[in-house]
1. Looking at region 109-144, which of the residues that are in contact with a Ser or Thr (Cβ under 9 Å, 6 or more places away or on another chain), of a type in the set (G, A, S) and outside any loop (DSSP other than H, G, I, E, B) is nearest to D40 (Cα to Cα)?
2. Evaluate the following for I67: is it assigned to a loop (DSSP other than H, G, I, E, B), touching a Phe, Trp or Tyr at 6+ places or on another chain (Cβ under 8 Å) and among the β-branched types (V, I, T)?
3. As an exercise: evaluate T36 against (1) hydroxyl-bearing (S, T, Y); (2) farther than 25 Å from F76 by Cα; (3) surrounded by fewer than 15 Cβ atoms within 10 Å (Cβ to Cβ) and give the number of the one condition it does not meet.
4. Quick one: what pairs do we get from region 180-201, first residue in contact (Cβ under 8 Å) with a residue 40 or more places away in the chain and at negative phi, second part of a loop (DSSP other than H, G, I, E, B) and aliphatic (A, V, I, L, M), C-beta under 6 Å, 6+ apart or different chains?
5. Can you pull out every residue in region 56-93 that is closer than 23 Å to S138 by Cβ and either out of contact with any Asp or Glu (no Cβ under 7 Å at 6 or more places or on another chain) or in contact (Cβ under 8 Å) with a residue 60 or more places away in the chain (or both)?
Amino acid sequence: MKNILEKYIPTHAVEPVFGLIEANQIHLKIVNERKTRHGDYRRLPHGVHQITVNASLNKYRFLITLIHEIAHLFAFEKYGRQIKPHGLEWKQIFQKLMLPFIRPEIFPSELLPVIARHFKNPKASSDTDARLSVALKSFDEKNDRNYVFEVPHGSIFRIYNGKIFQKGQRRIKRYECTEVKTGRIYLFQPNAEVELLKTAN
């Protein structure tokens, strides 16, 4: 397991992460990219704790995602299944589990202040913190995707499920975008990843 972890997370995080996996008898599955989530936790019928994480994540996002899912395990075990998945109990456990990893041996200096800020009140997903999402994306392999906030007003873009939209006005934090086929308006987070098809004239 250690040599597998070395491929996916920063070197100095391998020992403590391996300790968490071993102590809690976690079955870690590294899977092909799922567009709607980075990872998930479930307790299987025979009591095994299974965590899946997308193989396509860069090592910093992979580590944050894995600790996020381990925090679900801890929260459900401690407080029971009736708690909110991303409620106060989970946040406090996630903060506590993540704290030993927020150091320069593990994260690059430009990421540390953004991560420290995020973990004052962690969100349900690193993607809903636009600042953290953009900072983490800078460590991804280059691809042909853009963020909605980078796309010029009026441009046409496609999302992961093939639907095509035209970018509209910003409304407080999110962008109003019109689905080309139906004319329906949807709100997009500024850091939603899209494929630019045609820029506005």
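1. Taking the candidates together, the pick is S126.
2. Answer is no for this residue.
3. Among (1) hydroxyl-bearing (S, T, Y); (2) farther than 25 Å from F76 by Cα; (3) surrounded by fewer than 15 Cβ atoms within 10 Å (Cβ to Cβ), the lone unmet condition for T36 is (2).
4. V194/I159; L196/V151
5. L57, N58, K59, Y60, R61, F62, L63, I64, T65, L66, I67, H68
Values quoted throughout were computed directly from the atomic coordinates according to the rules given, and no laboratory measurement underlies them. These numbers come from a predicted model, not from an experiment. Cβ sites come from the backbone with ideal geometry, for glycine too, and all protein chains shown count toward neighbours.
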